[in-house]
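The values are calculated or read from the model by the stated rules, or taken from the named source; none is laboratory data. Quick caveat: nothing in here was measured; it's all calculated off a predicted structure. Positions of Cβ are backbone-derived with ideal geometry, glycine not excepted, and every protein chain shown enters the neighbour counts.
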Amino acid sequence: MIREVLRTPPVAYLLAVTGPVSVMLALRLTTPLLDRLPGVPLLMTVLAVAWYCGRRPALVATAVSTTMLVYETPGSLDAPQVLSEVLFALCAVVVGITASRLATTLHDLDRQRRREQAGRAEAERLSREAHELRLLSRALTYTTTPIAASQRVADAVQRLFEARSIVVRLLEPDGSAVAVAVAGDDNITRPGHRLPPGAGVVGLAIAGRQLVMTDSVLTDPRVTLPPALRARHERLRHRLVVATPLIVDDVVIGTLSLNETEARTLTDSEQALFQALASHAAVGIRNAQLFHHERAARQEAEAANRAKDQFLAMLGHELRNPLEAISSAIAVMNRIDVQDARSARARDIITRQVGHLRELMDDLLDVARVTTGKIALSRQPLDVADLTRRCWTVLESTGTLQQHVARLEAEPVWVNADETRLLQVLENLLTNAVKYTPPGGSVTVSVRAQGGDAVIRVADTGIGIAPALLPRVFDLFVQGEQTKDRMKGGLGIGLTLVKRLVDMHGGSVEAASEGPGRGSVFTIRLPRLETPASAPAPHDRGPAAIVARRVLVVEDSPDAREMMRLLLELDGHEVYEADDGLAGLEQAVTLKPDAAVIDIGLPGLDGHELARRLRATDVGATMTLVAVSGYGQPEDHERSREAGFDLHLVKPVNAATLAHAIRGS
């Protein structure tokens, strides 16, 4: 550095002139030396100027030195003296030129050595950076979680920059930046540390979508530091803070930040490297996020597929059991006399199992309707205590509670609810409590008012719920561990119905259990009503008298048509049959029946079209038309109403409902 300064023209020529003069003035103080060696000091001066300042300044120094030597020589010059001065001048020139060339050569060699050293250092730096980038890219390729990817990025940046700390943050939906990875000497910032939107250098980088750097983070007027963030920077003695956004597909997903205790700035090459690392990090982290989400979605889909398979297996089991009982009961009835007591027992079994099948179908249809939002609630003020007692009475009358210690504690509390659906909720919870509680265990039901809520609590001392199952207990088709005998049965849809129906009423339901074998508690909360001034009294119309009617049954299934005919004849009606729509229309016009029971899925002329044609005739204008179908969605009822039917019944048809419809014709 000094040699470069001395070789600048102003300095070099100044030294070429002042150097010899200064030496000569110094020699005046040492006259004996000047007498003995008059040219040596000046020659050394020329040599120094040549070495440090170059060739031309050396020639100038030679001229000045020769002049000074001649001037300082006492007396007149004789031939030897003149020769001596000339030789001195020539020697000085040779020495100056030689020294200058040597100096230049040595200087060039030194400069070349320094360039080579700088080149090697730069090459090593670039090689190390490229190596780290390759390692990071390879590591991110095989990293499957965003947090692990972020930590690999933080570690790589720390190795390259050797900063006090490196922090990777990811953006949350609310705009806050949450630390997910920290590398370096930072004992304050931990994963999970949250920066509010716009806070600190990180907030500036996110808002500006570019690298932001400050070497005085505590005093920089651009930076907004909440008290907690300022205290953190002060405690860690941060000066330099650099942050750059992580951008993928023009979307900011997070930030990469560097913190240092020295007040310095990053060079252009360091900034370029920092941003290159941020680009690698953004792509790697986003890929890890996508992989993580895809894997979670795949696992969820696989779980749903397993649940579907389990459901189908359970459905097959639940259908085969009652069908087996019905089949066996029929086989028994075929082998014994009708008056035999065993025949009556077989009929009871058939009735009960058909009811069980109907309940399964109703539950399945209810789940479908609730899930798609196709259930409309018919709300009215209800006393939850009275409704619970009615459900409790049914269980007692059927002997369901006789093997358990059962207790009901109900105080009057009113809600605005659909009576049928709320009964369905209570029946599901009570039957589950009994089903999953061994004989001798207790089942306790309480109804009370609590603040603005009506609270229904169903507690049991049964098998309990495993902790892993508890968060999913209301999910569709979810059940506890089942043994091959499936003693408890069920399709895993009852609690889903409970949850959806309670939600539709604006309430909530919670499940609690201390674990397997520790029982369970289900708590329902519904918005409470003030007690009405006068409670509606139940209206009992009593059984209606049976009046014989002329009934036409239009059904393409021979077995179903025959059983329908026999059922109606047992009620005293005069019954006629038709096996398709055209035959049914012809008989209806000819026989003029009081009522017609028509299957919707008829060949040729379907039930809806048959009803429309009948309504267009004088005979059919006043006829009672009852639709029978395996489809029971609200839109199915609406289509039947629009076609002209008075009632839409879903198979299997309830005999009492059908009898009531015929009586009203």
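Numerical summary
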| quantity | calculated |
| --- | --- |
| Tabulated pairs, region 249-260, first in the same structural domain as Val212 (by TED's automatic domain parsing), second among the hydroxyl-bearing types (Ser, Thr, Tyr), C-beta under 6 angstrom, 6+ apart or interchain | Leu256/Thr244; Asn259/Ser165 |
| Those residues of region 555-575 which are of a type outside the set (Lys, Arg), crowded, with 18+ Cβ neighbours inside 10 Å and farther than 16 Å from Ser629 by Cβ, in sequence order | Leu568, His573, Val575 |
| Subset of region 401-414 (residues that are hydrophobic (A, V, I, L, M, F, W, C) and either within 15 Å of Gly494 (Cα to Cα) or touching a helix residue (DSSP H, G or I) at 6+ places or on another chain (Cβ under 6 Å) (or both)) | Leu401, Leu408, Ala410, Val413 |
| Counted residues, region 222-238 - those being surrounded by fewer than 19 Cβ atoms within 10 Å (Cβ to Cβ) and within 17 Å of Leu211 (Cα to Cα) | 2 |
| Lone unmet requirement of (1) more than 28 Å from the chain's Cα centre (by Cα); (2) within 15 Å of Val153 (Cβ to Cβ); (3) without any contact (Cβ under 8 Å) to a residue 60 or more places away in the chain for Leu266 | (2) |
| Residue ranges of strands (runs of 3 or more DSSP E) in region 372-453 with at least 2 members within 28 Å of Arg518 (Cβ to Cβ) and either free of Cβ contacts under 8 Å to residues at least 60 places away in the same chain or not small (Gly, Ala, Ser) (or both) | 405-410, 442-450 |
| Unique residue being out of contact with any His (no Cβ under 8 Å at 6 or more places or on another chain) and in the same structural domain as Leu211 (by TED's automatic domain parsing) when the list is Asn287, Asn334, Asn305 | Asn287 |
| Single condition Leu625 does not satisfy, out of (1) within 16 Å of Ile662 (Cβ to Cβ); (2) surrounded by fewer than 17 Cβ atoms within 10 Å (Cβ to Cβ) | (2) |
| Verdict on Thr617 being of a type in the set (Val, Ile, Thr) and under 24 Å from Pro558 (Cβ atoms) | no |
| Condition check for Ala583: out of contact with any Leu (no Cβ under 6 Å at 6 or more places or on another chain), at pLDDT 90 or above, more than 20 Å from Glu562 (Cβ to Cβ) and assigned by TED's automatic domain parsing to the domain that holds Leu658 | no |
| Condition broken by Val153, with the remaining ones in (1) under 25 Å from Leu225 (Cα atoms); (2) over 22 Å from the mean Cα position of the chain (by Cα) satisfied | (1) |
| Which numbered condition Ala263 fails, given (1) in a helix (DSSP H, G or I); (2) surrounded by fewer than 16 Cβ atoms within 10 Å (Cβ to Cβ) | (1) |
| Yes/no for Glu586 being farther than 26 Å from Leu570 by Cβ and within 50 Å of the chain's Cα centre (by Cα) | no |
| Filter result (among the β-branched types (Val, Ile, Thr) and more than 18 Å from Gly581 (Cα to Cα)) within region 606-655 | Thr622, Val650, Val653 |
| Enumeration of residues in region 389-436 that are closer than 19 Å to Ser378 by Cβ and in contact with a strand residue (DSSP E or B) (Cβ under 8 Å, 6 or more places away or on another chain) | Trp414, Val415, Asn416, Ala417, Asp418, Glu419, Leu422, Val425, Leu426 |
| Considering residues of region 118-165 that are at pLDDT 80 or above and of a type in the set (D, E, K, R) only, the residue surrounded by the fewest Cβ atoms within 10 Å (Cβ to Cβ) | Glu162 |
| Condition check for Ala282: touching a residue at least 12 places away in the same chain (Cβ under 8 Å), surrounded by 17 or more Cβ atoms within 10 Å (Cβ to Cβ), in a helix (DSSP H, G or I) and not acidic (Asp, Glu) | yes |
| Only listed residue being closer than 15 Å to Ser257 by Cα, free of Cβ contacts under 8 Å to residues at least 24 places away in the same chain and in the same structural domain as Val153 (by TED's automatic domain parsing), chosen from Val178, Val168, Val202 | Val178 |
| Test: residue in region 168-179 that is at pLDDT 80 or above, among the polar types (S, T, N, Q) and assigned to a loop (DSSP other than H, G, I, E, B) | yes |
| Which numbered condition Leu357 misses (of (1) among the aliphatic types (A, V, I, L, M); (2) in contact with a Pro (Cβ under 9 Å, 6 or more places away or on another chain); (3) part of a loop (DSSP other than H, G, I, E, B); (4) modelled with pLDDT of 75 or more) | (3) |
| Criterion (touching a Lys or Arg at 6+ places or on another chain (Cβ under 8 Å) and in a helix (DSSP H, G or I)) met by exactly one of Ala301, Ala288, Ala329 | Ala329 |
